[in-house]
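The values are calculated or read from the model by the stated rules, or taken from the named source; none is laboratory data. Bear in mind that the values here come from a model prediction, so they are computed numbers and not experimental data. Neighbour counts are summed over all protein chains in view; Cβ atoms, including those assigned to glycine, are modelled from backbone coordinates with ideal geometry. Quick note on the areas: whole protein, heavy atoms, side chains included, nothing else; ligands and nucleic acids left out. Shrake-Rupley method; radii C 1.70, N 1.55, O 1.52, S 1.80 Å.
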Amino acid sequence: MALTVQSLGFTYEVGTSIAAPVLEEISLQVQAGEIVVCVGATGSGKSTLLRLCAGLLKPVGGSVLVDGSPANTKGSVGIVFQNPEAQFFAETVEADVAFGPRNLGIADIEGAVDDALDSVGLDPDIYKPRSPFTLSGGEARRVAIAGVLAMRTPYLLLDEPTAGLDPLGRRAVLRSLVGLSGRVGILVVTHDADEFMPIADRVFALHEGKALFDGKPGAMAERPDVWEKAGLSLPSLVLAQHLARQRGALIPEVALDVEGTARVLSAARVVCS
Amino acid sequence: MIDFQRVRYSYPGADSQAIAGVSLCLSPGEIVVLVGANGSGKSTLARMCNGLLIPDEGSVTVDGMDTSDGKVAFDIRARVGLVLQNPDNQIVGTVVEEDVAFGPENLGVPCAELRVRVDEALAAVGLSGLERREPHLLSEGQKQRLAIAGALAMQPRYMVFDESTAMLDPQGRRDVLAVMRKLRVAGHGILHVTHHLDDAADADRVIALASGAIAFDGTPEELFSDEGLLVSIGLELPPLASVATALRRSGLDVPVAVANAQSLVEALWP
């Protein structure tokens, strides 16, 4: 069971003078229940990749298969666009989240709505009657994600899900994604690697439409060359540990989060002195 | 100077005040970073700088002109440029130069001067050479810089950036921050609304808003060293500053406000 991208290629405006390949020979797998984080600079093809995975664009070469079927099969993949809360239209959170499952003809709509809100850490009893237009940024983003989850899609694609949120909102969204992993296969595209590295099962780096790296976040953290080539700055914590190494600090393995980095740096410092 | 005097504002029908008694000022030649959690009133405050929103109580004046005085609304808007979070919301032209020309053209600026203004604005944001490009073919960072150029072509004295770096990748963000620093040198007053605390590192002053009121007004170093305050207003230290705090707690000698990884490591391994 997986979302499988095989030798995928895509070109916008095929056959015109401005045609240029946006993605070339991309192969990538999101196993059921894992979190894959795709990083790349703006213009690297991340959002195009997401749209292809959702079946919103047709590949120019290669294929996207979801559990063996073409990507555009109804209801197999849910996509959360940038700023999804801009798409709210109903009077209540309940009606907004119910819109997707109702259109798909899902039988237990109420159950789908409750489960979806629960999954993103919002109490259905409190939030269902509220207007989606009076929510905080973090709440609104999570309701928008719930609207996609309610369609009970086994795979979830998210485009910059924390952009524009304050720290509390970002943490709430990250917690929701961690809570969903194991049940839903998640592909996140982002340029905020700092935040997502600690929760990723795998990291996939794109550069000018080509795959640069595919592996564990810890392995990516050991490869400053990949970050540089991708046009991305190393996450600040990872950079600090590499700089410490250059000054002779003994750091066996680069940590990805704040606690780990503090531990690694203080241990290395004690050994030095 | 943009001068807020005891400003209060509530949205129609809202129970609480979005801005609850704010006094502050922004002078030409300085970058003031305005931070605060979602819903703290940052964007409301940004929209009061050029009279898009008018205070219920108190006053906002721009170089002495009151934003509640309808007769000077155009003068105020020409003086205060506003750049929003999503550049797609403010790009109107079919090609880059046309978009930059849109504002001044509507003011009746003569053609020859229009050309100069457009070229200068595009040069200021590093987009020279892309005059004939269609905006939708630009990267997000380029689009945001185009939106800035559109505001600059109006020759404002002040620029207000409302979360204008939120959707950008690190390079795009650095580019836009570099444009802000350049504008500061050129004498513009900059108000930068953000919740990326690391954007605040090289501001002249940081103001933190909580529930529509000013919770802090001081230097970035002072703000970074007060973790309790940050948490109480729904913000958090950037990851590196958190590491520095943890290291300080374990007895290591690292500075309060670490600007970057380099300075943290140099403090540990001098």
Inset, instruction - Please give the number of the condition A:Gln29 fails out of (1) open to solvent by 60 Å² or more (accessible area, probe 1.4 Å); (2) modelled with pLDDT of 90 or more; (3) farther than 26 Å from A:Thr4 by Cα. - result: (3)
Legend entry - Every residue from segment B:257-269 that is facing chain A (nearest Cβ under 9 Å), at pLDDT 85 or above and open to solvent by 10 Å² or more (accessible area, probe 1.4 Å): B:Gln262, B:Glu266, B:Trp269
Inset, instruction - Check A:Thr153 against each of (1) in contact with a Gly (Cβ under 7 Å, 6 or more places away or on another chain); (2) within 14 Å of chain B (Cβ to nearest Cβ); (3) closer than 25 Å to A:Gln29 by Cα; (4) part of a loop (DSSP other than H, G, I, E, B) and name the one condition it does not meet. - result: (2)
Inset, instruction - State whether the residues of segment A:124-143 include one that is away from chain B (no Cβ under 14 Å), open to solvent by less than 70 Å² (accessible area, probe 1.4 Å) and within 24 Å of A:Leu3 (Cα to Cα). - result: no
Inset, instruction - Scan segment B:134-153 and give yes if some residue there is open to solvent by 30 Å² or more (accessible area, probe 1.4 Å), modelled with pLDDT of 85 or more and away from every other protein chain (no Cβ under 14 Å), otherwise no. - result: no
Legend entry - Number of the exception - B:Glu98 against (1) assigned to a helix (DSSP H, G or I); (2) away from chain A (no Cβ under 14 Å); (3) of a type in the set (Asp, Glu); (4) open to solvent by less than 50 Å² (accessible area, probe 1.4 Å): (4)
Legend entry - Unique match (being more than 24 Å from B:Cys25 (Cα to Cα) and either more than 19 Å from the chain's Cα centre (by Cα) or free of Cβ contacts under 8 Å to residues at least 40 places away in the same chain (or both)) among B:Gly228, B:Gly218: B:Gly228
Inset, instruction - Name the residue, out of A:Gln82, A:Gln87, that is loosely packed, with under 15 Cβ neighbours inside 10 Å, within 30 Å of A:Phe10 (Cβ to Cβ) and modelled with pLDDT under 90. - result: A:Gln87
Inset, instruction - Return yes when A:Ser17 is out of contact with any Ser or Thr (no Cβ under 7 Å at 6 or more places or on another chain) and within 14 Å of another protein chain (Cβ to nearest Cβ) and no when it is not. - result: yes
Inset, instruction - Output yes when any residue across segment A:242-256 is of a type in the set (A, V, I, L, M) and touching a His at 6+ places or on another chain (Cβ under 6 Å), and no when none is. - result: no
Inset, instruction - Could you run through segment B:106-133 and say how many residues are over 30 Å from A:Val22 (Cα atoms), open to solvent by 70 Å² or more (accessible area, probe 1.4 Å) and either assigned to a helix (DSSP H, G or I) or at pLDDT 90 or above (or both)? - result: 8
Legend entry - Residue match in segment A:249-269 (condition: within 10 Å of chain B (Cβ to nearest Cβ), over 21 Å from the mean Cα position of the chain (by Cα), open to solvent by 50 Å² or more (accessible area, probe 1.4 Å) and at pLDDT below 90): yes
Inset, instruction - Would you kindly identify the helices (runs of 4 or more DSSP H) lying entirely within segment A:156-223 that contain at least 2 residues that are among the small types (Gly, Ala, Ser) and either touching a residue at least 12 places away in the same chain (Cβ under 8 Å) or not assigned by TED's automatic domain parsing to the domain that holds A:Ser136 (or both)? - result: A:167-180, A:217-221
Legend entry - Counted residues, segment B:10-35 - those being touching a Leu at 6+ places or on another chain (Cβ under 7 Å) and either over 23 Å from B:Val179 (Cβ atoms) or surrounded by fewer than 13 Cβ atoms within 10 Å (Cβ to Cβ) (or both): 2
Inset, instruction - Would you point out which residue out of B:Asp75, B:Asp88, B:Asp15 is among the charged types (D, E, K, R), more than 18 Å from B:Gly103 (Cβ to Cβ) and either more than 16 Å from the chain's Cα centre (by Cα) or in a loop (DSSP other than H, G, I, E, B) (or both)? - result: B:Asp15
Legend entry - Residue within segment A:236-248 that is without any contact (Cβ under 8 Å) to a residue 12 or more places away in the chain, in the same structural domain as A:Glu25 (by TED's automatic domain parsing) and either in a loop (DSSP other than H, G, I, E, B) or of a type outside the set (Gly, Ala, Ser) (or both) present: no
Inset, instruction - Evaluate segment A:224-231: report whether one residue or more is over 15 Å from A:Val203 (Cα atoms), assigned to a loop (DSSP other than H, G, I, E, B) and facing another protein chain (nearest Cβ under 8 Å). - result: yes
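A:Val22: under 25 Å from B:Met167 (Cα atoms), crowded, with 24+ Cβ neighbours inside 10 Å and in contact with a helix residue (DSSP H, G or I) (Cβ under 8 Å, 6 or more places away or on another chain), yes or no?
no
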Legend entry - Selection from segment A:72-92 of residues that are over 26 Å from B:Asp88 (Cβ atoms) and in contact with a Ser or Thr (Cβ under 9 Å, 6 or more places away or on another chain): A:Gly75, A:Ser76, A:Glu91, A:Thr92
